[in-house]
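Derivation of every value follows stated rules applied to the coordinates shown; laboratory data play no part. Fair warning: this is a prediction, and the values are worked out from it, not measured in the lab. Glycine also receives a Cβ, built like all others from the backbone with ideal geometry; neighbour counts cover every protein chain displayed.
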Amino acid sequence: MTALELRDVSKVYGAGQAEVHALCDINLYVEPGAMVAVMGPSGSGKSTLLTIAGSLEDPTSGEVLVGGAALSGMSRNDKARLRRRSIGYVFQDFNLLPGLTAAENVALPLELDGTAARKAGAAGMQALDELGLADRASQFPDQLSGGERQRVAIARAVVGERHLLLADEPSGALDSVNGEAVMRLLHAACKRGVAAVVVTHDAQMASWADRVVFLRDGRVADQTAAPLGPESLLAPGPSASGPGR
Amino acid sequence: MSVRHALLALLSEGPKYGLQLREEFEARTGEVWPLNVGQVYTTLQRLERDGLVESDDAGEDGPQKGFRITADGEQELAEWLRTPPDLASPPRDELVIKVLVALRVPGTDVHDVIQVHRRYLVELMQQWTRIKEEEAEHDLSLALVVDAELFRLDSVIRWLDAADGRLKRAAAEPPVRDPSMLPRLRRKVGVRP
């Protein structure tokens, strides 16, 4: 079973002369434990793809399946429950609630889903601890650095039993060291079995993914082959630093 | 990569044997630049000829021959560290040339050509990132080398992205060319004749 599947998904905004084809016949399969990066220039449909994959918007045509379940057959309430339980979101600007502490922000999705406050709090603390943020749990977002805020946002995205992470430029507001830390955490989540789709225009961030899909004018223009192991670069001999360009 | 100066740097820490120099060179560059024994000894001989290192008088040529840096060698190393590499004139970059040529070849979609190279570069970056993830965390030298390679490849991809966008814009709105400006500009940016 795939964690996320887009079958012939198209999205059209507007009508007549103002019609814009944001996505055209997108097919995308993301297996559990895989990280897929989606790259493309501004306006290529990256963010639209993510909002449709996250059930925040419906496609004009085609089908989206999350964990094998088709979104088209779900009521609004079913979709809301799926978003709370199975999908974690990470945004460029963190989207933490300023009036809640780090721990409360992380526990919130569980509480909204009906988990008792004490149990949600414990799960939130555990998620923060795993990301090295246990000592920041009682801080408010404006008392945290950008890198810490994004780590809290990742803790919130993975807390509970999430199967799918959707990240929109998760390191876009961070310097390269913090950006790398964020990608390392997302990749670690994937190694534990979570599937992730990361939208980015930054090749360094995309290179953490198992597969990189290139969008162009709303279509999948290309994608990378399965990555070779590191040994192909470190082998002795004249090609040790990779083929020249 | 200057093997000559890397060997001087290793000797600036104290006298060392030839074989030891090779092993330390490879370890400190994260084993990304392998070095053969011949290269080490040829370079050491030249350094000795130039008075930048001295060898044990008694020792025979071979892995057990010891070397130490001279005062001139230390001076040379200090100057080299602070001398910027030649980045002033644009290199004849094969990829830039391929994109420029693709514009002129009938029936060639330059955007497809750009995408072929972009994908290849991202695949290379994926391999480097795997090394960073798996090995570079415990090896600072390797982490620095991998970062350098990732930033270099990233800058090439950024150029491809910019070229892609610029060509798309130019197709919609062809730029007006002023040929009288060209010779002056070329001299300014140091383009080789």
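Mean 1/r over all different Cα pairs, inverted: what Kirkwood radius does chain A give, in Å?
18.9 Å
Peptide A:205-216: average number of partner chain Cβ atoms within 10 Å per residue?
4
Listing A:159, A:199 from the residue with the fewest other Cβ atoms within 10 Å to the one with the most, what is the order?
Lowest to highest Cβ neighbour count: A:159, A:199.
Under a 10 Å cutoff between Cα atoms, tell me which one of B:123, B:74, B:173 has the largest fluctuation in the Gaussian network model of chain B.
Judging by the Gaussian network model, the answer is B:173.
If each residue's Cβ is checked for other Cβ atoms within 10 Å, how do B:54, B:13, A:148 rank with the fewest at the top?
Sorted ascending by nearby Cβ count, the order is B:13, B:54, A:148.
Would any residue of region B:1-40 have its amide N under 15 Å from a label point 7 Å out along Cα→Cβ of residue B:46? List them or say none.
B:1-9, B:36-40, by backbone N distance to the label point.
For the pair residue B:64 and residue A:139, how long in nm is the line joining their label points, each one 7 Å along Cα→Cβ?
Between residue B:64 and residue A:139, the label points sit 5.9 nm apart.
For the pair residue A:8 and residue B:12, what calculated FRET efficiency results from E = 1/(1 + (r/R0)^6), where r is the Cβ-Cβ distance and R0 = 56 Å, to the nearest 0.05?
Between residue B:12 and residue A:8 the formula returns 0.30.
How far apart, in nanometres, would the label points at residue B:152 and residue A:113 be if each is projected 7 angstrom from Cα along the Cα-to-Cβ direction?
So the two model labels end up 4.6 nm from each other.
When A:89, A:29, B:41 are ordered from fewest to most other Cβ atoms inside 10 Å of their Cβ, what list results?
Least to most surrounded, the residues fall as A:29, B:41, A:89.
Return the distance in nm (one decimal) between the two label points of a simple spin-label model at residue A:61 and residue B:170, each offset 7 Å from Cα along Cα→Cβ.
Distance between the two pseudo-spin positions: 3.7 nm.
Per the Kirkwood definition applied to all pairs of different Cα atoms, how many angstroms is the hydrodynamic radius of chain B?
Final number for the Kirkwood radius of chain B is 20.8 Å.
Please give the length that would be gained between residue B:96 and residue B:162 if that part of the chain were fully extended, namely 0.36 nm times their separation in residues minus their C-alpha to C-alpha distance (nm, one decimal).
22.6 nm
I'd like the FRET efficiency for residue B:88 and residue B:139, computed as 1/(1 + (r/R0)^6) with the beta carbon distance as r and R0 of 30 Å, rounded to 0.05.
The computed FRET efficiency comes out at 0.35.
Residues of B:152-165, mean number of Cβ from any other protein chain within 10 Å of their own Cβ, rounded to a whole number?
Mean partner-chain Cβ count within 10 Å for B:152-165: 3.
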